[in-house]
1. Return only the number of the condition from (1) within 21 Å of Lys128 (Cα to Cα); (2) loosely packed, with under 14 Cβ neighbours inside 10 Å; (3) of a type in the set (Gly, Ala, Ser) that Gly216 does not satisfy.
2. Kindly indicate whether Leu195 is hydrophobic (A, V, I, L, M, F, W, C), loosely packed, with under 15 Cβ neighbours inside 10 Å and within 30 Å of Leu19 (Cβ to Cβ).
3. Residues that are among the aliphatic types (A, V, I, L, M) and without any contact (Cβ under 8 Å) to a residue 40 or more places away in the chain, at least 2 per element: which helices (runs of 4 or more DSSP H) completely within segment 1-111 meet that?
4. Report the residue count in segment 26-64 for those that are of a type in the set (Ser, Thr, Tyr) and under 12 Å from Val122 (Cβ atoms).
5. From Leu210, Leu241, Leu195, Leu184, which residue is closer than 29 Å to Gln79 by Cα, free of Cβ contacts under 8 Å to residues at least 40 places away in the same chain and outside any loop (DSSP other than H, G, I, E, B)?
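We did not get these values from a lab; they are worked out from the coordinates using the rules stated. Note that this is a predicted model, so its numbers are computed, not measured. Heads up, the Cβs are rebuilt from the backbone with ideal geometry, glycines too, and the neighbour counts pull from every protein chain shown.
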Amino acid sequence: MENLLKENERIDDLEYKGLKIIQNENGFCFGIDAVILSDFAKNLKNGAKILDLGTGTAILPILLSKKTENTKIIGVEIQEDVANMAKRSVKLNNLEDKIEILNENILNLTNILKIGEFDAIVTNPPYKKKNTGIINDKEAKIISRHEITAELKDFIKVSSKLLKFGGEFFMVHRPERLSEIISLLKEYNLEPKILRFVYPKIDKPSNMILIKAVKGGKEFLKVEKPLIVYDENQNYTNEILKIYNKI
């Protein structure tokens, strides 16, 4: 196990069905947004072929491998060192038969993968537009948080091309970009079907949104009940504890 680790790396226990992940303490580590997205997207059909755009250390494929049945998952990551870390995490969990990691820019995927190949696409893309917000001086964190190598439009456009007709698209993002998200989804024939706002606390503004769209779907948008992360005592709510498999 030790030879799977490089300098400044550690193995974190995901506390879900024995899963673990390798992370670099100086890089971008996964957050609760990836965890709740994996739960939001878990009700996929048996044997679905899934694509994760911007997989990072492969947190979404690793969690979805145990939340779905007989699925094949491809995670795409542009940063070579991060993709290498993801591959080692897949090996650590003995998931090589379920998960494949591609070190590639999502803009090249339509030249590599088959059009209309996937049943579902999940993505936790960079939230901030290029040249906005606070810029971190570590390249890995810049790419993970800001639209440096691909923009929101690119993630949606590529997803539309690679999804089957009727395929499902799942994304976590920021509420301040919701109007842009919906406009882009509709532009690329991905009809928004489910929207869920996530709140850090019940008395705080929403800081995340979960959205599901269907390629070629009919117009009908359901807004689900809010997901509250912390209670008044700064403890996880029961719903978050269930997502983390704590109760």
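1. (1)
2. Values: hydrophobic (A, V, I, L, M, F, W, C): yes; loosely packed, with under 15 Cβ neighbours inside 10 Å: no; within 30 Å of Leu19 (Cβ to Cβ): yes.
So Leu195 does not fit the description; no.
3. Values: elements: 32-40, 59-67, 80-92.
Fully inside segment 1-111 and qualifying: 80-92.
4. Of all residues in segment 26-64, those of a type in the set (Ser, Thr, Tyr) come to 38, 55, 57.
Remaining after also requiring under 12 Å from Val122 (Cβ atoms): 38, 55.
Residues in segment 26-64 being of a type in the set (Ser, Thr, Tyr) and under 12 Å from Val122 (Cβ atoms): 2 in total.
5. On the way: Leu210 fails: free of Cβ contacts under 8 Å to residues at least 40 places away in the same chain; Leu241 fails: closer than 29 Å to Gln79 by Cα; Leu195 fails: closer than 29 Å to Gln79 by Cα.
Checking each option against the conditions leaves just Leu184.
The rows are residues; the columns are (1) over 12 Å from Pro125 (Cα atoms); (2) touching an Asp or Glu at 6+ places or on another chain (Cβ under 8 Å); (3) of a type in the set (Asp, Glu).
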{"residue": "Ala150", "(1), (2), (3)": "no, no, no"}
{"residue": "Lys164", "(1), (2), (3)": "yes, yes, no"}
{"residue": "Leu178", "(1), (2), (3)": "yes, no, no"}
{"residue": "Lys201", "(1), (2), (3)": "yes, yes, no"}
{"residue": "Lys218", "(1), (2), (3)": "yes, yes, no"}
{"residue": "Val223", "(1), (2), (3)": "yes, no, no"}
{"residue": "Ile228", "(1), (2), (3)": "yes, yes, no"}
{"residue": "Tyr244", "(1), (2), (3)": "yes, yes, no"}
